[in-house]
Structures are given as structure tokens and as C-alpha cells.
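K.L.:
Before I ask anything, here is the structure I am working with.
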Amino acid sequence: MRITLKQLGVFVAVARYGTVTQAARELNFTQSAASMALADLETQLTSQLFDRTGKRLQLNDLGRKLLPAAITTLAHAQSIEEIARGRDDQIGSLKIGASLTIGNYSMPSLIAAFMAEHPQSRLTLDIANTSHIITALEKFELDIGFIEGYCHAPELEVIPWRHDELVVFAAPSHPLASKACLTEADLDNASWILREPGSGTREIFDNAVLGRLPHLQVLLELGHTEAIQRVVASGLGIGCASRLSLQESLLNGSLKILPTPFWNLSRQFFVLIHRQKYRTFGLERFLTHCFQPE
């Protein structure tokens, strides 16, 4: 068997993009060269690695089993080249994923500080909801992920990171904002503007509130905290989001926190890494950077 790094590189790229055309463009190959490399790999393995559905190629069971080993092999080969060139202490490129609150309010300063310390590093940040980040990590589309919800994927290592708190908020003009002492009944009768299902914020909210508000009225579900804040500031309803995301709105007086001592809205942020992910020097250095005191 003579599997080449070129064949493995094409296999990994096709797994990532779903088409030979995009994989060839990423690797700077001609489409025919990429197709031939993939065909040669499948011939040597005497098995197909993808299911062909139209123009899309979807990993089959064997392809999913082999993908982690292929990615690790390519990473090891790159490490060998870097050691030979005396560049084994280089950060290289990292693909980072973060759920919306973390991505918008914690990651920018963290990444900026890291790149100031390592100016040759190449970092990309994918901001999406928790379920998207988990899926991308499972497919090896990201090197490391940061989420604000729970992760039950057995393939991913879940590392506790920072603590956060959700708060309920309203416009200062909202009737509940002027009430001296709120009860759960007050909130049960309110109209809520919330994040969409699948987000970490919504999961924490549902775990804390569902069952305690029998008549919960969700007026709107939005995919971005900023949009929720703007709608709530208009007086349409009340919302729930990370205290981190509300700092500017609280300072300018457009929103007001509604005390909810009867609910536990504290939460944990987590770092996710695929258990079969090869931890490069750059990944280890970034992970260490993330756990330094704030």
C-alpha cells in the first residue's frame, strides 16, 4: 500500500468542503488532479470513502472512521517539516469556533492579545450557536471551540473555562422595570424575546425556567443578542442574555436588569477539543493563553 500525503490531503479537503472542485481550489490543484488522487486512495483502500449524492460527496461510515487518522497524519507530517526547518516553535494557523456571546464579547480581546504576542500567527474565528460549533468540531472543521451551553458529544473533550451569568432585562419604560419586587407570576405574564433553540443561552434559560412559568409566552426568537436587545429596548417584551453582552446598554440606560433571585441563571463556559485532534504547538500555546488569569 502506497498512500501518499497528497491523497490524504485531498481526502481531508473533500470531507471538509463536500466537493472535489472546492477541495482542489483550497489545495491549489487542478480538479482532475484532485479527482485522480481521491480515486487512487479509494482504489488502494479497495473501498469508497464517500457517498455520491449529485455533485456532493458525503463521508460514509468508513470515511468518518478514517478522517481523524488522516488529519493527524497530515499534522504530524507538517510538524516534521517544521522541525527540519527549525520552525517547530511557530504558531501557524488555528481555526477557532465560539458561540455568539463568547465570540462577540470574550474572543476579540483574547485573540488580539494572543496575536500581539505571536504576530506571525494566523487565526480565524467562526461565530455561531453552540450546536453549530459542536458539529464543526466533530467534523474537524475547527481546531478548538468555545461554547456557553452543554456538550454531550462523546468525541469531544469538554474543559470547564470561565463563569458567566444570564440576567433578565427590560426597557426602563416597561411596566415590570418600575415594580419594586418581582415575582415569577409577573414574568409568567410577560412577553419574552429569546435566543433560538440550539443556542447555549436558550438552553440555560429553558433549564432554569421551563416548568416554573406554566404560561411562558415567547413572542420572538432571534439569532443575535444585539437584535434581542434592540427589540426589548423598544418596549415590546423582556429578554434574557449574558450580563457580558449588556454592559453598553446598561451604561447608556436603554435597558434595565430585572432581579430574579428565584432562578439560577449562572452558567459555565467550556472549551471543546476533539479527542482525536493532534495538538500542535500552536494549539497548545493558544490553549495555555486562554487559561491565563483575566
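K.L.:
Ala180 - would you say it is over 30 Å from Ala75 (Cβ atoms) and at pLDDT 95 or above?
P.N.:
Answer is no for this residue.
K.L.:
Moving to a separate point now. Looking at segment 129-172, which of its residues are polar (S, T, N, Q) and under 24 Å from Val209 (Cβ atoms)?
P.N.:
Listed by number, the residues that qualify are Asn129, Thr130, Ser131.
K.L.:
Scan segment 258-287 for residues that are within 28 Å of Gln217 (Cβ to Cβ) and assigned to a loop (DSSP other than H, G, I, E, B) and report the count.
P.N.:
Within segment 258-287, residues that are within 28 Å of Gln217 (Cβ to Cβ) and assigned to a loop (DSSP other than H, G, I, E, B) number 7.
K.L.:
Taking the stated definitions as given, is Ala75 in contact (Cβ under 8 Å) with a residue 12 or more places away in the chain, of a type in the set (Gly, Ala, Ser) and in contact with a Leu (Cβ under 8 Å, 6 or more places away or on another chain)?
P.N.:
So Ala75 fails the test.
Conditions (1) loosely packed, with under 13 Cβ neighbours inside 10 Å; (2) basic (Lys, Arg); (3) under 30 Å from Thr288 (Cβ atoms), marked per residue:
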{"site": "Ile159", "(1), (2), (3)": "no, no, yes"}
{"site": "Ala180", "(1), (2), (3)": "yes, no, no"}
{"site": "Pro197", "(1), (2), (3)": "yes, no, no"}
{"site": "Gly223", "(1), (2), (3)": "no, no, no"}
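K.L.:
Working carefully through the options Ala24, Ala13, find the one that is more than 20 Å from Leu62 (Cβ to Cβ) and touching a helix residue (DSSP H, G or I) at 6+ places or on another chain (Cβ under 9 Å).
P.N.:
Ala24
K.L.:
May I pose another question? Listed residues Asn189, Asn207; which is under 25 Å from the mean Cα position of the chain (by Cα) and not charged (D, E, K, R)?
P.N.:
That would be Asn207, the only listed residue that is under 25 Å from the mean Cα position of the chain (by Cα) and not charged (D, E, K, R).
K.L.:
Looking only at residues that are of a type in the set (Val, Ile, Thr) and over 26 Å from Met115 (Cα atoms) in segment 246-288, which one is surrounded by the most Cβ atoms within 10 Å (Cβ to Cβ)?
P.N.:
Here the answer is Thr260.
For every residue, the table says whether it meets (1) of a type in the set (D, E, K, R); (2) more than 26 Å from Glu221 (Cβ to Cβ); (3) buried (at least 19 other Cβ atoms within 10 Å of the Cβ); (4) out of contact with any helix residue (DSSP H, G or I) (no Cβ under 6 Å at 6 or more places or on another chain).
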{"residue": "Met107", "(1), (2), (3), (4)": "no, no, yes, yes"}
{"residue": "Ala112", "(1), (2), (3), (4)": "no, yes, no, yes"}
{"residue": "Thr130", "(1), (2), (3), (4)": "no, no, yes, no"}
{"residue": "Asp143", "(1), (2), (3), (4)": "yes, yes, yes, no"}
{"residue": "Ser173", "(1), (2), (3), (4)": "no, no, no, yes"}
{"residue": "Leu187", "(1), (2), (3), (4)": "no, no, yes, yes"}
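K.L.:
Taking only pairs six or more apart or across chains, which ones have beta-carbon atoms under 9 Å, a first residue in segment 242-257 that is part of a loop (DSSP other than H, G, I, E, B), and a second residue that is of a type outside the set (Lys, Arg) and surrounded by fewer than 16 Cβ atoms within 10 Å (Cβ to Cβ)?
P.N.:
Gly253/Pro172; Ser254/Pro172; Ser254/Glu248; Leu255/Pro172
K.L.:
With Leu250, Leu213, Leu258 as the choices, which residue is modelled with pLDDT of 95 or more, farther than 17 Å from Gly103 by Cβ and in the same structural domain as Leu182 (by TED's automatic domain parsing)?
P.N.:
Leu258
K.L.:
Show the residue pairs that are 6+ apart or on different chains and have beta-carbon atoms under 9 Å apart, the first residue being within segment 191-209 and in the same structural domain as Ile238 (by TED's automatic domain parsing) and at positive phi, the second being of a type in the set (Gly, Ala, Ser) and not in a loop (DSSP other than H, G, I, E, B).
P.N.:
That search, which allows pairs on different chains as well, returns Gly198/Ser131.
The values are calculated or read from the model by the stated rules, or taken from the named source; none is laboratory data. Computed from a predicted model, the values in this text were never measured in an experiment. Don't worry about glycine lacking a Cβ; one is built from the backbone with ideal geometry, like all the others, and counts go over all protein chains shown.
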